[in-house]
Amino acid sequence: MTLLIILLCVFGAVALMVILGQRFGKPMEVEQQQKYSKILWIVVFIAIIAAIIRQML
């Protein structure tokens, strides 16, 4: 029963984020998307390396 309550809360939170994002969100400019896409690769790489190091310790 606890698992169902947790899943319901997660589903509700995600639904709320989607609804608010569609209503109040604005589209990103092309330049901003390009900047974030360059930074995202670095962040993902660092996260993977950090996870590998954490598993080794």
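The values are calculated or read from the model by the stated rules, or taken from the named source; none is laboratory data. Quick caveat, the model's predicted, so the values are computed rather than measured. Side chains are part of the model used for accessible areas, which takes the heavy atoms of the whole protein and leaves out ligands, DNA and RNA. Shrake-Rupley method; radii C 1.70, N 1.55, O 1.52, S 1.80 Å.
A few comments on the model shown:
- The length gained by stretching the chain between Ile5 and Glu31 to full extension, at 0.36 nm per residue less their Cα-Cα distance, is 5.2 nm.
- The ellipsoid that matches the Cα gyration tensor of the chain has semi-axes, each √(5λ) in whole angstrom, of 29, 27, 4, with the longest given first.
- Probing with 1.4 Å while keeping every protein chain in the model, the per residue accessible area of the chain equals 103 Å².
- Computed in the context of the full set of protein chains, the accessible area of the chain at 1.4 Å probe radius has 75% of its extent on carbon or sulfur.
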